[in-house]
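Peer 1: Quick one: the structure is below, questions incoming.
The values are calculated or read from the model by the stated rules, or taken from the named source; none is laboratory data. Because the structure is predicted, anything quoted here is derived from the model rather than measured. So basically every Cβ, Gly included, is an ideal-geometry build from the backbone, and we count neighbours across all protein chains shown.
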Amino acid sequence: MNLKHHKGFTLIELMIVLAIVAILASFAYPSYQDHVRKTRRSDCEGVMMSAANSLERFYTANGTYASAVAGTNYPNRCPASGTKFYDVAAAVTATTFTLTATPTAGSDQISDKCKNLTLTSTGQKGTSAAGLSAADCW
């Protein structure tokens, strides 16, 4: 039997290809996770902006934010349905409000670099992450 006519891959060649794929995956997976966290953060920013709009409409109609949380369709989580990644809390007074989105314990969002997100009645956006500005996270 002549071995020159057999075609195929050796075990060594397959192991080399597998090692290369594993190395590429080890670089790609953390980047993918960061992208997913960024997308979830962006979704929550949209929910917070929508909540702020609801609070502003309430203020326009009633002249106060004082009872706005009870009087609006204010979301207390992000996203509004499905797996929760952020808890959203509102601190309201008669003339101001501050919305704060905190990553949910046990979710992957805890690892997000921006930590807590804030939005005030004046439109000021913020983050609790040290060394990052609102522009880095919003």
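Peer 1: Kindly indicate the residue of region 102-124 that is β-branched (Val, Ile, Thr) and more than 15 Å from Asp43 (Cα to Cα) and also surrounded by the most Cβ atoms within 10 Å (Cβ to Cβ) among those meeting that condition.
Peer 2: For region 102-124, the residue satisfying everything is Thr120.
Peer 1: What about Thr72, is it surrounded by 14 or more Cβ atoms within 10 Å (Cβ to Cβ), over 14 Å from the mean Cα position of the chain (by Cα) and at pLDDT below 90?
Peer 2: yes
Peer 1: Could you list, in sequence order, all residues of region 28-69 that are hydrophobic (A, V, I, L, M, F, W, C), surrounded by 17 or more Cβ atoms within 10 Å (Cβ to Cβ) and under 19 Å from Thr118 (Cα atoms)?
Peer 2: Cys44, Val47, Met48, Ala51, Ala52, Leu55, Ala68, Val69
Peer 1: Another question, then. So Leu99 ticks every box in (1) at pLDDT 90 or above; (2) surrounded by fewer than 14 Cβ atoms within 10 Å (Cβ to Cβ); (3) aliphatic (A, V, I, L, M) but one. Which box is left unticked?
Peer 2: (2)
Peer 1: Looking for whichever is touching a Gly at 6+ places or on another chain (Cβ under 6 Å) and under 29 Å from Gln109 (Cβ atoms) here; the options are Phe27, Phe58. Which one fits?
Peer 2: Phe58
Peer 1: Inside region 25-70, can you point out the residues that are more than 22 Å from Asp136 (Cβ to Cβ) and of a type in the set (Phe, Trp, Tyr)?
Peer 2: Result: Phe27, Tyr29, Phe58, Tyr59, Tyr65.
Peer 1: Still on this structure: Which is closer than 17 Å to Thr102 by Cβ and either at pLDDT below 90 or in a helix (DSSP H, G or I) (or both), of Ala52, Ala22?
Peer 2: From the options Ala52, Ala22, the qualifying one is Ala52.
Peer 1: Residues to consider are Ala89, Ala22; find the one that is within 21 Å of the chain's Cα centre (by Cα) and hydrophobic (A, V, I, L, M, F, W, C).
Peer 2: Numbers: Ala22 fails: within 21 Å of the chain's Cα centre (by Cα).
So the residue among Ala89, Ala22 that is within 21 Å of the chain's Cα centre (by Cα) and hydrophobic (A, V, I, L, M, F, W, C) is Ala89.
Peer 1: Would you point out the residue of region 98-113, among those that are within 20 Å of Ala80 (Cβ to Cβ) and touching a residue at least 60 places away in the same chain (Cβ under 8 Å), that is farthest from the chain's Cα centre (by Cα)?
Peer 2: The selected residue is Asp108.
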